Amino acid sequence: MILDVRALTKIFGGLKAIEEVSFKVRRGTILSIIGPNGAGKTTLFNCLTGVLPPTKGKVLFEEEDVTHKRAYEITAKGIARTFQNIRVFGSMSVLENVMIGQHTRSKEGLLTAIMGTRKFLKEEDEIKSRAFEYLQFAGIQDYSDVLAGNLPYGDQKRLEIARALATEPKLLLLDEPAAGMNPQETKELMELIRRIREWGKTVIIIEHDMKVVMGISDRIVVLDHGVKIAEGTPNEIQNNPYVIEAYLGKEEVF
Amino acid sequence: MFLQQIINGLTVGGVYALIALGYTLVYGILELINFAHGEIYMIGAYLGIIFLGIFTASGLTQYSLFLSLSLTVIMSVIVCSAYGFTVEKLAYKPLRNAPRLNPLISAIGVSIFLQNYVMLTQGATDKVFPHVIPVTIIKFYNVTMTTLQIFIIIVSFFLMAGLHLFIMKTKTGKAMRAVAQDKVMASLLGINIDRIISVTFIIGSGLAAVAGLMVAMYYGLVNYSIGYMAGIKAFTAAVLGGIGSIPGAMIGGLVLGLIESLGASYLSSEYKDAYAFIILILILLVKPTGLLGKSEGQKP
Amino acid sequence: MKKILFMFWLSLLSMPFTGIKGGAYLFGGILVSYGVYFLLANIYGRTKIPSVPVNTGLLMIALIIFSLLLPLFLSDYYTDVAVLAGIYIILALGVNVVLGSTGLLHLGFAAFYGIGAYSNALLTTNFGLGFWSALPLTLVITSAAGLLLSFPALRLRGDYLAIVTLGFGEIIRLVLNNWDSVTRGPNGISNVPSPFIMGFEVGSLMYFYYLVLGFVLLAAFIVNRVHRSRTGRAWLSIREDETAAEAMGVNTRKYKFMALTFGAFWAGLAGALFASKMHFVSPESFTFMESVFVVCMIILGGLGSIPGVLLGSLILVLLPELLREFQLYRMLALGVGLVLMMIFRPQGLIKIS
Amino acid sequence: MIRKFLVFLFAIVILSGCVKKGEDVIKIGIAGPMTGDQAKMGMDFRNGVTLAVEEWNRKGGVSGRKIELIIGDDQRDPKQAVSVANKLVTQGVKGVIGHFNSSCSIPASDVYDRAGIPMITPASTNPQLTEKGHYGVFRVCGRDDQQGKVAADFVTRELKIKKLAVIHDKTTYGQGLADEFNKFLGGKAEVVYYGGIVQGDKDFKTVLISIREKAPELIYFGGIYPEGGLMVKQAREIGMTVPFMSGDGVIDPKFVEIAGAEAAEGTYLTFSPDPNTIPTAKEFIVQYTKRFGELGPYSAYAYDAANIMLKAIEAAGVTEGKAVMDKLHSMEFAGTLGNIKFDSKGDITVAPYVVWITKGGKFTEYWKP
């Protein structure tokens, strides 16, 4: 088990955004989290990555309690994420964006930078070349000097993934990566996610596009009103009566 | 002596509270610290002197002091509200979707502009409010106060209560609360956001004009630089009470006035201006939501 | 038509202050200037200021040579202005780290500037230290002050930070004005000595110019290096999106600490130079307007861009000196300029490269 | 943009080199707060100097050379003062009348000293200015310690007051004056309250209430008229009837206007003797009022300072700084306010202060030491 979530609860001023959610993720698999809007999926991500402190419950990452760690510490331990609404660093270049991802994997500080020591220069070079590799992996190496804010939408999504990968995570959380993409882009994205898994990373995805979910997931967790109502393989979920009920009348899913 | 200081503090605090309401209203709706609000108050004070001067010159004051003063108040409030309205349209509206820092800097620009605009047109020296209002000193036991002081305290409370009712009971007031809660939702419900924002600026500026007028009458002296310090202190009052909360602004203003009065008399009068800042920093560190503020659900 | 109505509205508003005649003049003035603007905009075919591609390397070398030769053919007066500009550049570079790179709107930088100036003045006049032996101490003191303020600053975002730093600046100024036994209150401290270099007094303006120039180059060099390092990137990411930065593994608290301390460091240097140049410090030099002035320099030049800081500081220091006759209108223009910049060109005159 | 800017810079450099110094005129600098909140003081002061210079020019100038006035605006900001001083020096002034505020004169005097240019201030009363030991610094007004002494003498000898309060506005001038006053009381009267207020503040009731508790027989205020006026007004509003006393910074018609004639009644102020009572000043007052209207408190001093500077230049025969300073130190001058002779520090030898009183909204001379 790479991730073990135990009875995680988050309350916003009386409102339970997620309640007693528990699940486990096996190393090297893809887990999807689905559920209607407002089911608490993004809040769950925020609690897992330390963006929000959970009210109750525990998060174990590689058997280590990371529940109340701050976001950057969790990133350093090996969990990276993308955001639902794109959050690239708009007025920095694409390459610089990915170089930020390398932050926890490098260590040179202020003084060596000022003096321009050989060690510092070597590290900068390494960061740059590695960042470039991630850009290549995500297929946006041609835009490395473009300001991230000027990229087309789909490429910004790819950039977010490249940036998250640059933190060298063991577990990658993707928040609605296919939202707003056309079918061609979605197909390429699924390909990219598969390659990430082949690379030995574990992936958790929040996604509405059921083609994506059913196509690549090993397991699926379903949330509704902050509560986990089902968990299983794509096949099991498709036939789960609770899930069908939760979705019924809201969206035509299947 | 203590009681005397309290009355003094209430007078000053009432004025702070009126200005603080303007900050709180705007912050509630736009999440913008309207740095220029202090200057609007200063403009209100100047307008009072200017209009009263015009009425005196035209003989109205000699004919009826009450009529002349009422007209002065009405005119000052109208013109001052127009200033607030125009400032919003010119300097903040184009920036509504910009990063948060931009409207704040724009507000600082407006503040610098208005200050120097008044300095250039009205001169840098102090303006004296004409001695037309008869001031009676009231004394009981050890405490002395003037009729003007009582007037200021009463008017402040009256206006604050009025505003509270307006926000709670009227349709526009309810719309204002809705916009403050959630702009997107409010516009979906058919509320004209631009109009509500304009109304907010007009009300805030009108209250600031009254505060300016009362200060001009009370101290009898106005200059172009009074807006800065008063603005900062009123903002402190708003934060102290919990920014966005109307009763909070009132209580914050009064508390700040009292703290200043007592601090200046029992600690040191040289550091009088520092008390507001020290309180501000402490409040923001210890209880950023202020005395009456509700803690909002944090969203990243 | 709508525009003309709007101009009429503006002049109507101004009438209580300017009188009817003044309001009419204002109306005419706005109308004419709008006409001129309209004409010019039509001639150039577009209304936006084009961004300038700058070959920084070559330009920098040219600028350095130019500034080295400058005092040889400048009068004392303009050398004096140039020295002041240099001091402001160092100060602005410091503020740029905090505001430009990290995106923290700090409105109390005059406090660090003042602490630097007073530390230098006190150490040299009271303890008989020279400029050079006082300098490291001054820098430590100001950096420590920067560190101290970052504790409250860390917990606050955006506009709250602005107002708290403003308060901090005012408190420091009040302390400088009221702590008579140390700062001599409003009288200020006079007879601050000039720096000595190898037993040789840098009293003359021209030598002081070179001293300041040296520090400016050093500051620009160091800030530029840091700007392009891992630390600089972390700062930028905080400015762009604090939550995303934290999620990318940047310890935002630590880097804000560093930015505030590093920024205060340069403000301290600028203050020390200011004290030994003026031979005199008093609390009046470290007001809120001073902080705003420096922020304006950075906004004018372009947030986060070092050439922008240089340009912004030069414009804001030189223009008022050149147009002393228009002194009265300087602040008026500054206010309007800030608003216009925010609306039409928030990225500053020089685009971030 | 950058390129244009560089061209612009070059143009300035070339232009500044082209400005030829007209050798047929003598340039005299005048520096003070010409804009800002003390612009009125600056204007009075400028008018006085202008009048003197015009008279000289009508007579044909100094040694046949006309006088040209160059005006510097320090906005009462010490930093601006240094900048203005440098500008005046560069423009080749041979002497400076100014600055107005002590906080400006003190740092600016360093600049003039370095350039070897004499300066005469008509209004900076802080002792520090001439205590620095610059050879070329003079003042035609008194010093705060002289003023403070006169006030202290008046309080202890004439009013025989035993208990008093001292307030100041925390400025170089106000605090300096209050401290000197305090010093010269020499324990002959008990100071029951001593403290500062914030310049620019409008509410002094809190301080006054604290003072009221101590029941002093007099309140001495070191500061200028806006705060002075408000303080007197507010003291009356909380029922205090004690007399106030202050210095030359308060003696301004606006003081009465702010406080109201009734509240201001009986306020003592130290200032130079009334020029209207001095025979030598008669001609000056007529000329000044004809041209500029009412006399400002420092107009006569400004007029005298300019005359003294020009007389010294004429006597020296050259405009070279050292020679002029020598003359300033050695000569005796007939000023409108009496004969003036400078001591080795550059101060006038006779302390000119008297006590005035506010009566019926006007200031009148009341007591001579």
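The values are calculated or read from the model by the stated rules, or taken from the named source; none is laboratory data. Predicted model only: the values in this text are computed from it and were never measured. FYI the Cβ positions are ideal-geometry reconstructions off the backbone, even for glycines, and counts take in every protein chain you see. Areas reflect the complete protein model, heavy atoms only, side chains present, ligands, DNA and RNA absent. Shrake-Rupley method; radii C 1.70, N 1.55, O 1.52, S 1.80 Å.
Which fully enclosed strands (runs of 3 or more DSSP E) of segment D:252-369 have 3 or more residues being of a type in the set (A, V, I, L, M, F, W, C)?
Values: elements: D:268-271, D:332-335, D:338-341, D:354-359, D:362-367.
The qualifying strands (runs of 3 or more DSSP E) are D:354-359.
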Self-check item: Number of the condition not met by B:Ser68 [criteria: (1) crowded, with 24+ Cβ neighbours inside 10 Å; (2) in contact with a Ser or Thr (Cβ under 6 Å, 6 or more places away or on another chain)]
Solution: (1)
Practice problem: For segment B:177-200, state whether one or more residues are modelled with pLDDT of 90 or more and within 12 Å of the chain's Cα centre (by Cα). | Solution: no
Exercise. Could you please tell me which pairs satisfy a Cβ distance under 7 Å, a separation of 6+ or placement on different chains, a first residue in segment D:217-245 that is outside the structural domain of D:Lys188 (by TED's automatic domain parsing), and a second residue that is not charged (D, E, K, R)?
Key: none
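For every residue, the table says whether it meets (1) open to solvent by 10 Å² or more (accessible area, probe 1.4 Å); (2) in contact with a Cys (Cβ under 8 Å, 6 or more places away or on another chain); (3) closer than 22 Å to C:Thr138 by Cβ.
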site: C:Leu260; (1), (2), (3): no, no, yes
site: C:Ala272; (1), (2), (3): no, no, yes
site: C:Glu284; (1), (2), (3): yes, no, yes
site: C:Met297; (1), (2), (3): no, no, no
site: C:Gly308; (1), (2), (3): no, no, no
Quiz item: Taking D:Gln91 and the conditions (1) at the interface with chain C (Cβ under 9 Å from one of its Cβ atoms); (2) open to solvent by less than 30 Å² (accessible area, probe 1.4 Å); (3) under 18 Å from C:Val81 (Cα atoms), which numbered condition does it fall short on, given that it satisfies the others?
Solution: (2)
Practice problem: Would you mind stating whether C:Pro320 is under 19 Å from C:Leu91 (Cβ atoms), out of contact with any Leu (no Cβ under 6 Å at 6 or more places or on another chain) and either more than 9 Å from every other protein chain (Cβ to nearest Cβ) or without any contact (Cβ under 8 Å) to a residue 12 or more places away in the chain (or both)? | Solution: yes
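So, in segment C:69-102, of the ones that are assigned to a loop (DSSP other than H, G, I, E, B) and facing another protein chain (nearest Cβ under 10 Å), which residue ends up surrounded by the most Cβ atoms within 10 Å (Cβ to Cβ)?
From segment C:69-102, those assigned to a loop (DSSP other than H, G, I, E, B) are C:74-75, C:102; that's our starting set.
Okay, now just the ones that are also facing another protein chain (nearest Cβ under 10 Å), so C:74-75.
Numbers: C:Leu74: 21, C:Ser75: 19.
Taking the candidates together, the pick is C:Leu74.
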Exercise. Output the qualifying pairs, or none if there are none: Cβ atoms under 8 angstrom, residues six or more apart or on different chains, first residue in segment A:229-254 and surrounded by 14 or more Cβ atoms within 10 Å (Cβ to Cβ) and in a loop (DSSP other than H, G, I, E, B), second residue of a type in the set (Val, Ile, Thr) and at pLDDT 85 or above.
Key: A:Asn240/A:Val222
Self-check item: segment A:123-148: number of residues that are closer than 21 Å to A:Leu174 by Cβ and within 12 Å of chain C (Cβ to nearest Cβ)
Solution: 2
Exercise. Considering only residues that are within 18 Å of A:Glu123 (Cβ to Cβ) and part of a loop (DSSP other than H, G, I, E, B), look in segment C:212-241 and name the one that is nearest to the other protein chains (Cβ to nearest Cβ).
Key: C:Ser229
Practice problem: For segment C:54-64, state whether one or more residues are without any contact (Cβ under 8 Å) to a residue 60 or more places away in the chain, within 14 Å of another protein chain (Cβ to nearest Cβ), assigned to a loop (DSSP other than H, G, I, E, B) and within 30 Å of C:Asn191 (Cβ to Cβ). | Solution: no
Exercise. Tell me which residues, restricted to segment B:114-164, are open to solvent by 40 Å² or more (accessible area, probe 1.4 Å), in contact with a Leu (Cβ under 7 Å, 6 or more places away or on another chain) and assigned to a helix (DSSP H, G or I).
Key: B:Leu120, B:Leu159
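Within segment A:17-65, how many residues are of a type in the set (Phe, Trp, Tyr) and closer than 13 Å to A:Asp175 by Cβ?
Here is the first cut: in segment A:17-65, the residues of a type in the set (Phe, Trp, Tyr) are A:23, A:45, A:61.
In the following step, the residues that additionally are closer than 13 Å to A:Asp175 by Cβ were identified as A:45.
Qualifying residue count, segment A:17-65: 1.
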Quiz item: Can you name the residue in segment A:107-118 that is among the charged types (D, E, K, R) and within 12 Å of chain C (Cβ to nearest Cβ) and is also nearest to the chain's Cα centre (by Cα) among such residues?
Solution: A:Lys107
Quiz item: Out of all the residues in segment B:30-41, is one or more open to solvent by 10 Å² or more (accessible area, probe 1.4 Å), modelled with pLDDT under 90, part of a helix (DSSP H, G or I) and not charged (D, E, K, R)?
Solution: yes
Practice problem: Could you please let me know if B:Leu95 is facing another protein chain (nearest Cβ under 7 Å), closer than 30 Å to B:Leu30 by Cβ, open to solvent by less than 60 Å² (accessible area, probe 1.4 Å) and free of Cβ contacts under 8 Å to residues at least 12 places away in the same chain? | Solution: yes
Quiz item: Taking the stated definitions as given, is C:Ile343 within 14 Å of chain B (Cβ to nearest Cβ), open to solvent by 10 Å² or more (accessible area, probe 1.4 Å) and over 30 Å from C:Ala134 (Cβ atoms)?
Solution: yes
Quiz item: Residues in segment C:134-188 that are in contact (Cβ under 8 Å) with a residue 60 or more places away in the chain, part of a loop (DSSP other than H, G, I, E, B) and among the hydrophobic types (A, V, I, L, M, F, W, C): how many?
Solution: 0
Quiz item: In the set D:Gln199, D:Gln234, which member is within 12 Å of chain B (Cβ to nearest Cβ), not in a helix (DSSP H, G or I) and not hydroxyl-bearing (Ser, Thr, Tyr)?
Solution: D:Gln199
Quiz prompt | Among the candidates A:Leu223, A:Leu192, residue that is open to solvent by less than 80 Å² (accessible area, probe 1.4 Å), part of a helix (DSSP H, G or I) and touching a residue at least 40 places away in the same chain (Cβ under 8 Å) | solution = A:Leu192
Self-check item: Among the candidates C:Val216, C:Val212, residue that is over 30 Å from A:Arg70 (Cβ atoms), open to solvent by less than 10 Å² (accessible area, probe 1.4 Å) and at pLDDT 85 or above
Solution: C:Val212
Exercise. Among what's in segment B:73-101 and is of a type in the set (D, E, K, R) and not in a helix (DSSP H, G or I), pick the residue that is modelled with the lowest pLDDT.
Key: B:Arg100
Exercise. Filter segment A:33-73 down to the residues that are away from chain C (no Cβ under 14 Å) and of a type in the set (A, V, I, L, M, F, W, C), then identify the one that is surrounded by the fewest Cβ atoms within 10 Å (Cβ to Cβ).
Key: A:Leu60
Quiz item: Among the numbered criteria (1) on the phi > 0 side of the Ramachandran plot; (2) outside the structural domain of A:Tyr143 (by TED's automatic domain parsing), which single criterion is violated by A:Ile11?
Solution: (1)
Self-check item: Qualifying residues in segment C:168-196 (those that are among the β-branched types (Val, Ile, Thr) and open to solvent by 40 Å² or more (accessible area, probe 1.4 Å)) - the one farthest from the other protein chains (Cβ to nearest Cβ)
Solution: C:Val182
